[in-house]
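The values are calculated or read from the model by the stated rules, or taken from the named source; none is laboratory data. This one's a predicted model, so the numbers in the text were calculated from it and none came from an experiment. Quick reminder, even Gly has a Cβ in these numbers, built from the backbone with ideal geometry, and neighbours come from all protein chains shown. Heavy atoms of the whole protein, side chains included, go into the accessibility calculation; ligands, DNA and RNA do not. Shrake-Rupley method; radii C 1.70, N 1.55, O 1.52, S 1.80 Å.
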Amino acid sequence: MTTLTVMVTGSVLGSGISKKSGSPKPYQMANVMYLAAAESFQNDDHNIQRCGMQEKQIPMVFNQNLYAQFAGLSYPIQLQLVLEPDPQNPTRNVVVDFKE
């Protein structure tokens, strides 16, 4: 178990049928949005400077009860997100719980 303390701005849980690729495919999505320091970007062709904060997303387990807990909060709110390896992809973490 790993934790990440961040300023959370919201959460999303959704499912449906995607028709983008031609043949309909079911999908599920669940994410937590949080604020992080804005990151500048520079390479040979670009120089993009940023200051302040930017919103990022981290995957969350697809769980209606966990989403309901997020839905009951007042945003923005500082939370300690509880992370565990994603069963579908153990190289990335997903939010499985939080602590205020």
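If I compute solvent accessible area with a 1.4 Å probe over the protein chains, what percent of it on the chain is carbon and sulfur?
48
If packing is taken as the average count of other Cβ atoms within 10 Å, what order do 34-46, 65-77 fall into, highest mean first?
65-77, 34-46
Roughly how many debye, to the nearest 20, is the charge dipole of the chain about its Cα centre, given +1 on each Lys and Arg Cβ, -1 on each Asp and Glu Cβ, and no other charges?
360
For the pair MET53 and VAL82, how long in nm is the line joining their label points, each one 7 Å along Cα→Cβ?
2.4
For the chain, evaluate the Debye formula with one uniform point scatterer on each Cα (no solvent term) and list log10 I(q)/I(0) at q = 0.24 Å⁻¹, rounded to two decimals.
The computed values of log10 I(q)/I(0) come out as -1.19.
Calculate, for the range 52-100, the solvent-accessible area per residue in square angstrom, rolling a 1.4 angstrom probe over the heavy atoms of the protein chains.
64
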